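Heads up: the structure comes next, in structure tokens.
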Amino acid sequence: MSWWALICAELKAIWANKAIAITVFGGVFFYAILYPLPYLNNVATEQQIVVIDRDNSSLSRQVIRHANASPQIEVVAQLASINDGQEYLTRGQALGLVVIPQGFRRDLMLGKDVTLATLGDANYFLVYSAIAQGMVSVGLDTAKQMQFKALLAKGQDPGSAELSLNAIKLNSVPAFNPSLGYMSYVVPAVLLLVLQQTLLIGSGILGASQWRSSGYWNQVSVVKLVTARIITFAVLYLLFASFYFGWCHYYYQLPVTGELINVVMLLVAFVLASSAAGVALSSCFSRTDMPTQIVLLISMPILFASGLIWPTMLIPEPIVWLSQLIPAIPAMMAMAQVNQMSADWSMVFNLWLQLWGLFLLFSALAYVGVKQRLS
Amino acid sequence: MFKRELKALWNDPWQLALLTYLPIVALVLLGWIFTSAMPRELPVAIVDLDQSQLSRQLAFELQASPTINLQTYSDLAAAKHAMQQVDMYAMVVIPQGMRKDLLTGHSPIIDVRYNSQFLLVGKLLSSQIQQALAAGLKQVSLSSQLSRGVPKAQAEINVSPIKQQITPLHNFNSHYQVFLMPAILVALGQIVVMLNCLNSFARELRHNAVSQWLAQGAFYGLWVKALVYIPLSVLQLAALNWALYLYLGVDISAQLPLLLLAQLFMAIAIWLVVTAVFMLLKDSARAVSFCAAMYAPAFPFMGVTFPTHDMPFVAQIWRLVMPSSYYIEQHLAIVSSHINLGQLLTMLSGYLPFLTLLIVIALGVTKLAQTNAKEPI
């Protein structure tokens, strides 16, 4: 059997098996739409809060107007008592509560300090942080205005009053993901993981469906079969990868700061390492419904151990070491550095070598495993 | 029939593992990843171009924050390089001549850059750095007012007249495990319930035992499966939840009856969906792949990490296909807001549309029984 005929036979086997087709072709396209879907709006805005205004003064109304004007907060109701506010929270009609104390304006005018109390539902961290951030900036703004007026009243000229309030300015700017968007936080990493997981499932089902019967896979040498299978899946997944990192990144406006050649070099190493891992793993299965189940169960741990969602230095070391054996993990990190943080090639070179190391390791394992199955 | 089912389960090591230790292993692994609960000692680069007493004081303030592990860099390029390599999560640049500018009535600018690609760490560091620097800058502004002859008490109020007290409800320490683990457990639990259901059907196909299984009527066969696996799944979910909250140090024993009810409904809803899919596809590998494609992304749709009402309309519709999205809301309402039975029942009525799947299941199982009766294998 020639190489060309073998690869064609492999492609045909992949296409003909409906379970593989659902996962590989269906899964890759379906997830391209489904995973980014919840995050399309990118940032959490207009979190609903209720305000309990005990002061009812011009200043307290100004605070409420400022809060409502903040992009992070929407004031849904002004209530009389804290109990009413709790009712709103329990029914899920609001996720936060702000209390403006009695005598808010008077105490401020008298130069006493006052406290603005904010409560946010920390079951939802993004909601909580949006409410907290919004209220902090509302509080700071109001305070600044009051101080400014107080200094003017004491006869300072506006210029020096401004200066003594903002002696030093802070210019805090997010680097790499300037809109603080959720999309570029998770989606590129998840897309890479989808590529690896569907590949593992596809090659797993293909293997499991073949080991017990005979066919073209018995007629060639093990080395040839393993090589051809790795190449077939790698070529297929390079196409999918170009779809994900080309069109999908363009469509979802994800950052693409990496040089094309660097992105391609990383993807080639990643796809080859994953294909080899897929073929190696396939020799563990004899039932066609098993690969999906195993891969499904390990997906979430892989994503959370990747170091992109939760910082690597806080993950216990044994998990970090173990996770380095999964091709998607160095690939996600390297890709984030190259494509989102515009890192040089020299910075990800070691991760790239790691991918090639994994490719060699899994190729050897694939050879051993497939040989075992076919003998 | 029940005996037959239990015996088959006993002889199926994979399904037994799914019902017992596998979810525990996965959960322990995930919990272990988040053991540090709050990010601490995150590396932050400081480039001090001023080298004055004031700049060193600001550096001390930063170093004092438990979140920050300050590393000194002598030049900007090296710090930037470290940021790109994710050795540093943020950098603070103190400008040259800051102290001089301050004394001569100019207002210097301190630059802070944080890595928002790592959204969680970035946001946390941004607020912590601002807080730490604000504490230092307050001193500066205080002393500048004192030097102008403002009385000390007045100056202090001038510096911060409005104090803010911000309380995280339901999760008082802003604990990451408390926030994420229940949702992870629901996502994982849904997958396990789904796999249990599929495996119990797949076993009949694998052993060519469909006609034996449906011998006493198609519906009786389905009933047996449901009555064996739904209670087992609910038991498993309840045990996992109980263990999780015990570990998190939250006492939920009073809420357990309502949780059990909510879990029962979720298990039934999953069971309906999976049975319908299986009856339509009639092939275990395809059914597993299909259900996996559907339920693998359940986690982002739950709305715990990214709020539901900020999702586009289509996503909010797709959410409704997954029982986990209903359950997580009930779960949080029960555990955090202590809702009563009446309120829970109103929430549970959201599952009603799932009942239409019974038609698909009825048609599917009748057809399955017919084909197997015609061609006994």
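The values are calculated or read from the model by the stated rules, or taken from the named source; none is laboratory data. Owing to the predicted nature of the structure, the values given are computational and were not obtained by experimental measurement. We place every Cβ from the backbone using ideal geometry, glycine too, and count neighbours over all the protein chains shown. Surface areas here come from the heavy atoms of the whole protein model, side chains and all, with no ligands, DNA or RNA. Shrake-Rupley method; radii C 1.70, N 1.55, O 1.52, S 1.80 Å.
So, of the residues in the range A:286-333 that are open to solvent by 10 Å² or more (accessible area, probe 1.4 Å) and charged (D, E, K, R), which turns out to be farthest from the other protein chains (Cβ to nearest Cβ)?
Result: A:317.
Might you let me know whether the range A:194-207 holds any residue that is open to solvent by 20 Å² or more (accessible area, probe 1.4 Å), out of contact with any strand residue (DSSP E or B) (no Cβ under 9 Å at 6 or more places or on another chain) and not polar (S, T, N, Q)?
The initial filter retains those residues of the range A:194-207 that are open to solvent by 20 Å² or more (accessible area, probe 1.4 Å), namely none.
Looking for residues that are open to solvent by 20 Å² or more (accessible area, probe 1.4 Å), out of contact with any strand residue (DSSP E or B) (no Cβ under 9 Å at 6 or more places or on another chain) and not polar (S, T, N, Q), one finds none in the range A:194-207, hence no.
Against the definition (assigned by the TED database to the domain that holds residue A:280, open to solvent by less than 20 Å² (accessible area, probe 1.4 Å) and modelled with pLDDT of 80 or more), how does residue A:187 come out, yes or no? If you could, list the steps in order and put the result at the bottom.
On the way: assigned by the TED database to the domain that holds residue A:280: yes; open to solvent by less than 20 Å² (accessible area, probe 1.4 Å): yes; modelled with pLDDT of 80 or more: yes.
Yes.
Kindly establish whether residue A:129 is facing chain B (nearest Cβ under 7 Å), of a type in the set (Ser, Thr, Tyr) and open to solvent by 10 Å² or more (accessible area, probe 1.4 Å). If you could, list the steps in order and put the result at the bottom.
Numbers: facing chain B (nearest Cβ under 7 Å): yes; of a type in the set (Ser, Thr, Tyr): yes; open to solvent by 10 Å² or more (accessible area, probe 1.4 Å): yes.
For residue A:129, the condition - facing chain B (nearest Cβ under 7 Å), of a type in the set (Ser, Thr, Tyr) and open to solvent by 10 Å² or more (accessible area, probe 1.4 Å) - is met.
Do you know which residues across the range A:85-115 are farther than 23 Å from residue B:307 by Cβ, open to solvent by less than 70 Å² (accessible area, probe 1.4 Å), modelled with pLDDT under 85 and among the aliphatic types (A, V, I, L, M)?
A:108, A:114
Identify the single condition in (1) under 36 Å from the mean Cα position of the chain (by Cα); (2) facing another protein chain (nearest Cβ under 7 Å) that residue B:128 does not satisfy, given that it satisfies every other one.
(2)
I'm trying to understand the selection: among the residues of the range B:204-226, which are crowded, with 17+ Cβ neighbours inside 10 Å and among the aromatic types (Phe, Trp, Tyr)?
Result: B:213, single match.
Among the residues of the range B:214-233, which ones are touching a residue at least 12 places away in the same chain (Cβ under 8 Å) and of a type in the set (A, V, I, L, M, F, W, C)?
B:214, B:218, B:219, B:222, B:224, B:226, B:227, B:228, B:230, B:232
Select, from A:81, A:58, the only residue that is modelled with pLDDT under 85, small (Gly, Ala, Ser) and open to solvent by 20 Å² or more (accessible area, probe 1.4 Å). Full working, then the answer.
Working: A:58 fails: modelled with pLDDT under 85.
One residue alone meets the criteria, A:81.
Looking at the range B:110-130, is at least one residue over 17 Å from residue A:175 (Cα atoms) and not hydroxyl-bearing (Ser, Thr, Tyr)? Full working, then the answer.
First pass over the range B:110-130, keeping only residues over 17 Å from residue A:175 (Cα atoms): none.
No, the range B:110-130 has no match at all.
So which of B:332, B:358, B:345, B:352 ends up being in a helix (DSSP H, G or I), surrounded by 18 or more Cβ atoms within 10 Å (Cβ to Cβ) and out of contact with any helix residue (DSSP H, G or I) (no Cβ under 6 Å at 6 or more places or on another chain)?
Details: B:358 fails: surrounded by 18 or more Cβ atoms within 10 Å (Cβ to Cβ); B:345 fails: surrounded by 18 or more Cβ atoms within 10 Å (Cβ to Cβ); B:352 fails: surrounded by 18 or more Cβ atoms within 10 Å (Cβ to Cβ).
From the options B:332, B:358, B:345, B:352, the qualifying one is B:332.
Among (1) more than 9 Å from every other protein chain (Cβ to nearest Cβ); (2) more than 22 Å from the chain's Cα centre (by Cα), there is one condition residue A:17 misses while meeting the rest; what is its number?
All conditions pass for residue A:17, except number (1).
Can you pull out the residues in the range A:208-234 that are crowded, with 21+ Cβ neighbours inside 10 Å and closer than 17 Å to residue A:327 by Cα?
Answer for the range A:208-234, where residues must be crowded, with 21+ Cβ neighbours inside 10 Å and closer than 17 Å to residue A:327 by Cα: A:230, A:233, A:234.
What are the residues in the range B:289-330 that are more than 7 Å from chain A (Cβ to nearest Cβ) and in contact with a Pro (Cβ under 6 Å, 6 or more places away or on another chain), if any?
None; the set is empty.
Return the residue satisfying two criteria in turn: it lies in the range A:32-46 and is more than 7 Å from chain B (Cβ to nearest Cβ) and of a type outside the set (A, V, I, L, M), and of such residues it is surrounded by the most Cβ atoms within 10 Å (Cβ to Cβ). Outline the logic, then answer.
Narrowing the range A:32-46 to residues more than 7 Å from chain B (Cβ to nearest Cβ): A:32-33, A:36, A:42-43, A:46.
Restricting the remaining residues to those that are of a type outside the set (A, V, I, L, M) gives A:36, A:42, A:46.
On the way: A:36: 22, A:42: 18, A:46: 17.
Across the range A:32-46, the extreme among qualifying residues is A:36.
Can you name the number of the only condition in (1) over 23 Å from residue A:324 (Cβ atoms); (2) surrounded by 24 or more Cβ atoms within 10 Å (Cβ to Cβ); (3) not hydrophobic (A, V, I, L, M, F, W, C) that residue A:237 fails?
Here residue A:237 meets the rest and fails (1).
Given B:317, B:339, which one is open to solvent by 10 Å² or more (accessible area, probe 1.4 Å), under 17 Å from residue A:94 (Cα atoms) and among the hydrophobic types (A, V, I, L, M, F, W, C)? Steps first, answer last, please.
Numbers: B:317 fails: under 17 Å from residue A:94 (Cα atoms).
One residue alone meets the criteria, B:339.
Would you be able to say whether some residue in the range A:346-368 is crowded, with 17+ Cβ neighbours inside 10 Å, aliphatic (A, V, I, L, M), facing chain B (nearest Cβ under 8 Å) and within 22 Å of residue B:42 (Cα to Cα)?
Yes, the range A:346-368 has at least one match.
Are any residues in the range B:331-340 under 15 Å from residue B:263 (Cβ atoms) and either in contact with a Cys (Cβ under 8 Å, 6 or more places away or on another chain) or more than 8 Å from chain A (Cβ to nearest Cβ) (or both), and if so, which ones?
The answer is B:331, B:334, B:335.
Can you go through A:184, A:160, A:172, A:137 and tell me which one is of a type in the set (Ser, Thr, Tyr), touching a residue at least 40 places away in the same chain (Cβ under 8 Å) and over 17 Å from residue B:307 (Cα atoms)? Step through it out loud before you land on a result.
Details: A:184 fails: over 17 Å from residue B:307 (Cα atoms); A:160 fails: touching a residue at least 40 places away in the same chain (Cβ under 8 Å); A:172 fails: touching a residue at least 40 places away in the same chain (Cβ under 8 Å).
Just a single option satisfies the conditions, and that option is A:137.
Checking the conditions here, which among A:82, A:64, A:49, A:20 is of a type outside the set (Gly, Ala, Ser), touching a residue at least 40 places away in the same chain (Cβ under 8 Å) and more than 20 Å from residue B:310 (Cβ to Cβ)? Before you say what the answer is, go through the steps one by one.
On the way: A:82 fails: touching a residue at least 40 places away in the same chain (Cβ under 8 Å); A:64 fails: touching a residue at least 40 places away in the same chain (Cβ under 8 Å); A:49 fails: more than 20 Å from residue B:310 (Cβ to Cβ).
None of the other options fit; the residue is A:20.
Can you tell me how many residues in the range A:158-177 are at pLDDT below 80, at the interface with chain B (Cβ under 7 Å from one of its Cβ atoms) and open to solvent by 50 Å² or more (accessible area, probe 1.4 Å)?
Selection size over the range A:158-177: 3.
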